[in-house]
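Peer 1: Just dropping this structure here.
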Amino acid sequence: MKDTSRYSSLSKEPKFVVIGGGTGLSILLRGLKKFTSNITAIVTVADDGGGSGKLREDLGMLPPGDIRSCILALANTEPTMEKLLQYRFTEGTLKGQNFGNLFIAAMNEIYGSFERAIKETCNVLAVTGKVLPMTLEDVTLCAVLENGEVLKGESCIPINVIKKGSRIDYIYMEPKISYPLEESVEAINEADIIVLGPGSLYTSVIPNLLVNNIVDTIYKAKAPKVYITNVMTQPGETDEYDVLDHVNAILKHSNSDFLDYVIANTEEIPLSILEKYILDGSKPVLLGRDDEKILKSKNIKLIGEKLIDIRKDYIRHDNIKLSKLLMEIAKKEK
């Protein structure tokens, strides 16, 4: 017998669609699940490096890495189980491989479908909400640089951008025909808020916008569209980018009036923490002097807040503050 009180409670919670990939998205999801169970995460599958890339090459499956991170972020598991699924082998032929990735690979073999493998993994781990791949096509991410050169493969893009000394102009995917899951389209149409990011701009967030018809689907949806800019720039992707540069990249790959809100960090980061990042070529993503005025001219509302969380000298978003902000937007616009 269904718990009707549970279903009634769930129907009152704002419906979130969160789009992206990587560490940034998984950090947000860990905070967001404390406020709502109505979460659909649409996650990039353009990764071709590391353990995910090896599984993709060896087994002909879609890369599980970003999806695994998001599943674990939304999972309700015992600490030991999470440690197991996060475990990375350090020796032998499995060196560098993540056990969670192998778990999803096994599910893929058992069910013969990546989509089914993800659903069954979510069931086993009692996931809050849904985690969906952006497409079931085997896609390759490509970047066109400002000097006209073309780079192919997600993992090689940042490295070669630095080598070539030319910034990314735009990105595209091969094959150019790829489709979103019907479940993703339904979630977008029913959403109370659609969130892009945080995450790597060109290799985690924008790839999701390259799937056929997804930009139009998001654009036509009634929900407000919110983009969360990164706290730090990423070498080979967003060197010297400010908030407006991030936003313009999103708009270049969608529509000029695609976004309703932009959330940006305004908190200063202690120099002692920044030093390590600066040595690696990463700097804070700052608001330009005229960014707010320019965004306003594009009908985009800027929300600037202190959103830094520093743990073990790593800079990340404060996912609780960020989730509260998003909940406020969702409830106001619902």
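Just so you know, all these numbers are worked out from the coordinates, no wet-lab data involved. Quantities reported herein were computed from a predicted structural model and do not represent experimental measurements. Ideal geometry is used to build each Cβ from the backbone, glycine not excepted, and the neighbour counts take in all protein chains shown.
Peer 1: Return the long-range amide H neighbours of Ile263 (sequence gap of 5 or more, or a different chain), with a cut-off of under 5 Å between placed amide H atoms.
Peer 2: Sorted by chain and number, the residues that satisfy this are Tyr227, Ile228, Thr229, Ile303.
Peer 1: Of Val285, Asn265, Asn147, which is farthest on the positive side of the dipole of the chain, counting Cα position, with +1 on Lys and Arg Cβ, -1 on Asp and Glu Cβ, and the Cα centre as origin?
Peer 2: In the chain, that residue is Asn265.
Peer 1: Using the Kirkwood radius built from alpha carbon pairs, what does the Stokes-Einstein equation give as D for segment 116-211 at 10 °C and 1.306 mPa s, in µm² per second?
Peer 2: 104 µm²/s
Peer 1: What are the ³J(HN,Hα) couplings of segment 259-273, residue after residue, when phi is run through the Karplus curve with 6.51, -1.76, 1.60 and θ = phi - 60°? Round to Hz, x for glycine and proline.
Peer 2: 9, 9, 9, 10, 9, 9, 7, 10, 7, 6, 9, x, 4, 4, 7
Peer 1: Quote the FRET efficiency, to the nearest 0.05, computed for Glu333 versus Ile162 with a Förster distance R0 of 51 Å and r equal to the Cβ-Cβ distance.
Peer 2: 0.80
Peer 1: Okay, moving on. Using 0.36 nm per residue of separation minus the Cα-Cα distance, give me the extension gain between Ser297 and Ala126 in nm, one decimal.
Peer 2: 57.2 nm
Peer 1: Given C-alpha coordinates of segment 186-334, what is the ratio Rg to Rh with the Kirkwood estimate of Rh?
Peer 2: 0.96
Peer 1: Using the alpha-carbon centroid of each, what span in Å lies between segment 184-224 and segment 245-302?
Peer 2: About 19 Å separates the Cα centre of segment 184-224 from the one of segment 245-302.
Peer 1: With 10 Å bins from zero, work out the P(r) of the chain over every alpha carbon pair and list the percent per bin.
Peer 2: Spelled out bin by bin, the chain gives 5, 26, 36, 25, 7, 1, 0 percent.
Peer 1: Calculate, in nm to one decimal, what Leu59 and Val215 gain on full extension: separation in residues at 0.36 nm each, minus their alpha carbon distance.
Peer 2: Taking 0.36 nm per residue and subtracting the Cα distance, the gain is 53.1 nm.
Peer 1: Sticking with this one: Once you have the Cα-Cα distance between Arg116 and Glu146, take 0.36 nm times their residue separation minus that, and quote the gain in nm to one decimal.
Peer 2: Contour length minus Cα-Cα distance gives 6.8 nm.
Peer 1: Find the relative contact order for the chain and round it to a whole percent, using C-alpha pairs within less than 8 Å whose residues are 6+ positions apart.
Peer 2: Normalised by residue count, the contact order of the chain is 19 percent.
Peer 1: Ranking request for peptides 68-81, 33-46: highest mean number of other beta-carbon atoms within 10 Å first, then the rest in descending order.
Peer 2: My ranking of the peptides, most packed first, is 33-46, 68-81.
Peer 1: Decide, for segment 48-133, between rounded, prolate and oblate: order the square roots of the alpha carbon gyration tensor eigenvalues as a ≥ b ≥ c, take rounded if a/c falls under 1.5, and otherwise choose prolate if a/b is larger than b/c, else oblate.
Peer 2: Oblate, since a/c reaches 1.5 and b/c is not below a/b.
Peer 1: Would you please give the FRET efficiency between Gln86 and Glu109, computed as 1/(1 + (r/R0)^6) with r the Cβ-Cβ distance and R0 = 25 Å, to the nearest 0.05?
Peer 2: E(calc), rounded to 0.05, equals 0.70.
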